[in-house]
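Below: the structure, in structure tokens.
The values are calculated or read from the model by the stated rules, or taken from the named source; none is laboratory data. Everything numeric in this text was worked out from a predicted model, so none of it was measured. Glycine also receives a Cβ, built like all others from the backbone with ideal geometry; neighbour counts cover every protein chain displayed.
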Amino acid sequence: MRINIKVYLHAHGSRFLKAGSFPVDASAFRKEPAQAAAVSAYNWIRSINKAMGYSEDFRIDQVLYDQDHDITELVRQRQAPL
């Protein structure tokens, strides 16, 4: 199963948007859709941060899945030091 994710991030003094379609575990999504989406979003955000060179001012401003489901706080709760 795939979901659409949009992330608004801040890094290197700039705010930017990234969006894409990502896989989620179908059974986990049926039980807790927001949590399953947060796992996929968090993993993707970690890879974005790594690709950008680990900016010291990196922050997650907003995370949405399937257009209008805001999971920003769930992703932030998962956030270990990126």
(message) Testing Ile5 on (1) under 14 Å from Gln67 (Cα atoms); (2) modelled with pLDDT under 95; (3) among the β-branched types (Val, Ile, Thr), one condition comes back false. Which one is that?
(response) (2)
(request) Only residues that are among the basic types (Lys, Arg) and in contact with a helix residue (DSSP H, G or I) (Cβ under 6 Å, 6 or more places away or on another chain): list them for the range 30-82, please. (result) Arg78
(request) Return only the number of the condition from (1) in contact with a Phe, Trp or Tyr (Cβ under 7 Å, 6 or more places away or on another chain); (2) more than 14 Å from Val75 (Cα to Cα) that Ser27 does not satisfy. (result) (1)
(message) If I filter the range 54-65 for residues that are surrounded by fewer than 15 Cβ atoms within 10 Å (Cβ to Cβ), modelled with pLDDT of 95 or more and not acidic (Asp, Glu), do I get at least one hit?
(response) yes
